[in-house]
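Below is one structure; the comments refer to it alone.
The values are calculated or read from the model by the stated rules, or taken from the named source; none is laboratory data. Note that the coordinates shown come from a computational prediction; the quantities given were computed from them, not determined experimentally. With ideal geometry, Cβ positions are generated from the backbone for all residues, glycine too; neighbour counts draw on all protein chains shown. The area values use the complete protein model at the heavy-atom level, side chains included, leaving out ligands, DNA and RNA. Shrake-Rupley method; radii C 1.70, N 1.55, O 1.52, S 1.80 Å.
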Amino acid sequence: ASRAGQIIKDVMHKGNLGIVEKGLDKNDLQTEADRSAQKCIIGSLSKLFPGVTIIGEEGPHNDQPEDIPSDWIVTEQDKAVLASDCPNEYSKINPQEIVVWVDPLDGTSEYVEGLLDHVTVLIGLAVKGKTVGGVVHQPFYNYELDKQGVGRTLWGLVGLGVGGFVPHPPPSDKFIITTTRSHADAVVNKTLEALKADEIIRVGGAGHKVLMLLEGKAHAYVFASKGCKKWDTCGPEGVLKALGGTLTDIHGNEYNYAKDVSYPNAQGIFATSKHVNHSELISKIPKELKDRFPY
Ligand SMILES: Nc1ncnc2c1ncn2[C@@H]1O[C@H](COP(=O)(O)O)[C@@H](OP(=O)(O)O)[C@H]1O
Ligand SMILES: [Mg+2]
Ligand SMILES: [Mg+2]
Ligand SMILES: [Mg+2]
């Protein structure tokens, strides 16, 4: 994830983002950074873990090894994480039961607009369809103060814990929701109104919004839309879950991350930190809004 983050920075510094619109949707962009970062992550992981299914946002991985620059292929692993004991529940997993969901650049709209700290690299780990871990790398963390910064990498594994950041509870004297800044519609906004937050913070990226929960800047991430996909949520959910938080659809059901599922999170996103009563908050969404999902 951090090598991909460096590639994302290199593309920004070169200045030609190579933007294309995906399909017919002017709100769904892809840049050279999305494409190259995915080659780096999937090229590296598929070499290290050939039996594991890896699914990336930017399409199937058809590259031959010689098509990927050799310095994009990472073989070293994080010594600090590997020094931890692997929880027992993971000691007998077959590679066939694992799916890795890769969002090489989350927050592409914000990357293009220069809101650089909204950008993250997301790698999620699912076993038998359930999210068990994740990595959220923020390449431009603190970039306005620390121009030479290397970003930061947050990780979590259910049963082991989290690393790369200091968890923080949200304020107890007000209720804050974070949501999309670039993909809102009438249903998204009506759902937010029903929850009666004191403050709504609109920022880019599914990864960035889960960061806000991890660091106590918001109580809930609510997005009543089918726009997010499995690669947007698996990685962030892994870190959140490892810290006792919850990410579900707007009915309160967990998503299935097995390799044959459809990509859209068609029933919306509802995520809370462990300091919030998830089901009580979901019960505040009016039935007529919930009944619109999936749509
Ligand atoms: N209506 C929509 N169409 C396409 N993608 C959408 C979408 N709504 C949300 N997403 C995707 O979900 C992620 C989080 O969105 P948001 O920042 O609006 O909360 C973004 O991921 P990417 O930037 O990786 O594509 C975004 O593209
Ligand atoms: Mg995208
Ligand atoms: Mg994304
Ligand atoms: Mg993306």
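Mind checking whether some residue in the range 142-158 is part of a loop (DSSP other than H, G, I, E, B), open to solvent by 60 Å² or more (accessible area, probe 1.4 Å), hydroxyl-bearing (Ser, Thr, Tyr) and farther than 30 Å from Pro87 by Cα? Checked the range 142-158: no residue is part of a loop (DSSP other than H, G, I, E, B), open to solvent by 60 Å² or more (accessible area, probe 1.4 Å), hydroxyl-bearing (Ser, Thr, Tyr) and farther than 30 Å from Pro87 by Cα. Would you confirm whether or not the range 69-86 contains a residue that is in contact (Cβ under 8 Å) with a residue 24 or more places away in the chain, open to solvent by less than 20 Å² (accessible area, probe 1.4 Å) and on the phi < 0 side of the Ramachandran plot? No, the range 69-86 contains no residue that is in contact (Cβ under 8 Å) with a residue 24 or more places away in the chain, open to solvent by less than 20 Å² (accessible area, probe 1.4 Å) and on the phi < 0 side of the Ramachandran plot. Looking at the range 153-160, can you tell me whether even one residue there is within 15 Å of Ser273 (Cα to Cα) and within 18 Å of the chain's Cα centre (by Cα)? Yes - at least one qualifying residue is present in the range 153-160. Of the residues examined, Pro65 is not one that is surrounded by 13 or more Cβ atoms within 10 Å (Cβ to Cβ) and either free of Cβ contacts under 8 Å to residues at least 40 places away in the same chain or over 17 Å from Gly5 (Cβ atoms) (or both). The set of residues from the range 262-284 being among the aliphatic types (A, V, I, L, M), out of contact with any Cys (no Cβ under 7 Å at 6 or more places or on another chain) and closer than 14 Å to Cys234 by Cα comprises just one member, Ala271. For the range 130-137, the condition holds for no residue, the condition being that it is over 17 Å from the mean Cα position of the chain (by Cα) and not hydrophobic (A, V, I, L, M, F, W, C).
Among the residues of the range 121-134, are any among the aliphatic types (A, V, I, L, M), touching a residue at least 40 places away in the same chain (Cβ under 8 Å) and over 18 Å from Ala1 (Cβ atoms)? The answer is no; no qualifying residue exists. Can you tell me which residues in the range 194-228 are free of Cβ contacts under 8 Å to residues at least 60 places away in the same chain, over 20 Å from Lys284 (Cβ atoms) and within 16 Å of ligand 2 (Cβ to nearest atom)? Gly227, Cys228 - these are the residues of the range 194-228 that are free of Cβ contacts under 8 Å to residues at least 60 places away in the same chain, over 20 Å from Lys284 (Cβ atoms) and within 16 Å of ligand 2 (Cβ to nearest atom). Scanning the range 235-267 for residues that are within 15 Å of ligand 3 (Cβ to nearest atom), open to solvent by less than 20 Å² (accessible area, probe 1.4 Å) and within 22 Å of Asp291 (Cα to Cα) turns up Leu247, Asn265. Scanning the range 110-122 for residues that are within 12 Å of ligand 4 (Cβ to nearest atom) and outside any helix (DSSP H, G or I) yields Val119, Thr120, Val121, Leu122. Filtered by the rule that a residue be charged (D, E, K, R) and either without any contact (Cβ under 8 Å) to a residue 60 or more places away in the chain or touching a Ser or Thr at 6+ places or on another chain (Cβ under 9 Å) (or both), the range 2-31 gives Arg3, Asp10, Lys14, Glu21, Lys22, Asp25, Lys26, Asp28. When the range 217-234 is filtered for residues that are touching a His at 6+ places or on another chain (Cβ under 9 Å) and either open to solvent by less than 10 Å² (accessible area, probe 1.4 Å) or within 16 Å of ligand 1 (Cβ to nearest atom) (or both), the ones remaining, listed by number, are Lys217, Ala220, Phe223, Ser225, Gly227, Cys228. Only one entry in Thr31, Thr53 is more than 16 Å from ligand 1 (Cβ to nearest atom) and hydroxyl-bearing (Ser, Thr, Tyr), namely Thr53. For the range 109-135, filtered to residues that are under 23 Å from Thr248 (Cα atoms) and within 14 Å of ligand 2 (Cβ to nearest atom), the residue that is most open to solvent (accessible area, probe 1.4 Å) is His118.
Just to be sure, is Lys174 closer than 21 Å to Asn277 by Cβ and either open to solvent by 10 Å² or more (accessible area, probe 1.4 Å) or hydrophobic (A, V, I, L, M, F, W, C) (or both)? Yes: the conditions hold for Lys174. Among the residues of the range 2-25, those identified as under 18 Å from Gly59 (Cα atoms) and open to solvent by 30 Å² or more (accessible area, probe 1.4 Å) are Ile19, Val20, Glu21, Lys22, Gly23, Leu24, Asp25.
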